[in-house]
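K.L.:
This is the structure I want to talk about, given as structure tokens.
Here, each number is a calculation from the coordinates, and none is a lab measurement. What you see is a predicted model; the values in this text were computed from it and never measured. Every residue, glycine as well, gets a Cβ built from its backbone with ideal geometry; the counts of neighbours run over all protein chains shown.
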Amino acid sequence: MEKVVKVIGIIVVVLTGMFIGSIWNAFVLCKMWAWFITPFFHIPTPSLVYAIGIAMTVGFLTKQVNLEDNTKTKGTDKILQSISFSFLHPLLVLTCGWVVSLFI
């Protein structure tokens, strides 16, 4: 029972961190956009929700994972990590993007 509670706690902490991280990234993007993009290109500053979507899209397109850093991981495990990441990361981005799109 303790292991189940620990796993649930870890999941809650990770999801909360992702939620707060998304809002923080969007806030920073809005500020940077207002300071640099709006005055130069005369484009309006995006709302927080649009900024979350933009940040997620850019992160999805530019995310790189370096599996070489972990020397304790065996070759087969690295391959499984790579395959898992290549399927789960787009799924996670798509799911989060869908949730954000509901607020637009």
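K.L.:
For V99 and F19 in one chain, what is 0.36 nm times their gap in residues minus the Cα-Cα distance, to one decimal in nm?
P.N.:
Roughly 27.7 nm would be gained on extension.
K.L.:
A further question follows. Can you divide the C-alpha Rg of segment 2-101 by 2.2 N^0.38 Å and report the result to two decimal places?
P.N.:
Cα-based Rg divided by the globular estimate yields 1.37.
K.L.:
Relative contact order of segment 2-101: what whole-number percent is it, with Cα pairs under 8 angstrom and at least 6 residues apart?
P.N.:
Reported as a whole number, the value is 26 percent.
K.L.:
Could you tell me which of G21, M32, I10 has its Cα farthest along the dipole of segment 2-101 towards the positive end, charges placed at Cβ (Lys, Arg +1; Asp, Glu -1), taken about the Cα centre?
P.N.:
Result: I10.
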